[in-house]
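Data first, discussion second: the structure below is written as structure tokens.
The values are calculated or read from the model by the stated rules, or taken from the named source; none is laboratory data. Remember, predicted model here, so these are calculated numbers, not experimental data. Note that each Cβ is placed from the backbone with ideal geometry, even for glycine, and that neighbours are counted across all protein chains shown.
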Amino acid sequence: MNFKTKFARIVPPFSRSRLIIVTVLHFLFFELAKLIAGKMTLHCFEIPFDAMIPFFAPFITVYVLAFPFWIVNIILIMRESPSFCKSRFLSLLLIEVVSFLFFALYPTTMTRAEITGTDIFSKFTVFIYQIDTPLNLFPSLHCSISWFCFRGLFGGSTSKSYRVFSCIFAILICASTLLVKQHVFLDTISGLVLAEMSLWIFVPSKMLVSQRKNR
């Protein structure tokens, strides 16, 4: 089996253009929203509960591992079948568009942790803070895309054990956004709600309430 055949099995032709579109739009919307937000009044959705959440630097590893998790699961989702791919693509596109509108029209910020530790996790968190300014927070894309990567598998051919892993890891990612002070509680909840709603709009409900393959 040559490389071209292997690649076609991993990323079928019907999924490629949609994968490219969501990837380009993700980075375009994210950076454009930052430029717009920089000229607007920033709001803060911190609530008393946020002050009760401890800072836990080791969870920065989970936060960063979200990115390879997204890549693997989105490819798994998009390669199922043309119809499966289309519905999930539209759901993911809606997540990106709605998030961009919030980021650009009602930008939020937050108070980040004062990091005094000198361990490797603390230093890595400081580095993430430096390259990722506290903008584009509500709703949390980390949470919405991670939850999509779990729920989008429903109705497909992935094993039950992998769906369980995806659920646990998505929850850990959501927790990491709070524990490393990259988001506040309302950012996280809104991200989960956005992901779930986007799927219910475009994906047949029988596929979202059953883990069985149903094309």
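Side notes on the structure shown:
- Residue tally, condition part of a helix (DSSP H, G or I), touching a helix residue (DSSP H, G or I) at 6+ places or on another chain (Cβ under 8 Å) and of a type outside the set (S, T, Y), over the stretch 1-30: 10
- Meets criteria (surrounded by 21 or more Cβ atoms within 10 Å (Cβ to Cβ) and within 21 Å of S166 (Cβ to Cβ)) for L92: yes
- In the stretch 170-206, of all residues being aromatic (F, W, Y) and out of contact with any Phe, Trp or Tyr (no Cβ under 6 Å at 6 or more places or on another chain), the one that is farthest from H43 (Cα to Cα) corresponds to F202.
- Lone unmet requirement of (1) touching a residue at least 40 places away in the same chain (Cβ under 8 Å); (2) loosely packed, with under 14 Cβ neighbours inside 10 Å for L19: (2)
- Applying the criterion of at least 1 residues that are at pLDDT 95 or above and out of contact with any helix residue (DSSP H, G or I) (no Cβ under 8 Å at 6 or more places or on another chain) to the helices (runs of 4 or more DSSP H) found wholly in the stretch 114-215 leaves 120-131, 160-179, 185-202.
- Single unsatisfied condition, V11 versus (1) β-branched (V, I, T); (2) surrounded by 12 or more Cβ atoms within 10 Å (Cβ to Cβ); (3) within 19 Å of the chain's Cα centre (by Cα): (3)
- Taking first residues from the stretch 195-215 that are more than 15 Å from I77 (Cβ to Cβ) and partners that are aliphatic (A, V, I, L, M) and modelled with pLDDT of 80 or more, the Cβ contacts under 7 Å between residues at least 6 apart in sequence or on separate chains come to W200/L208; I201/L94.
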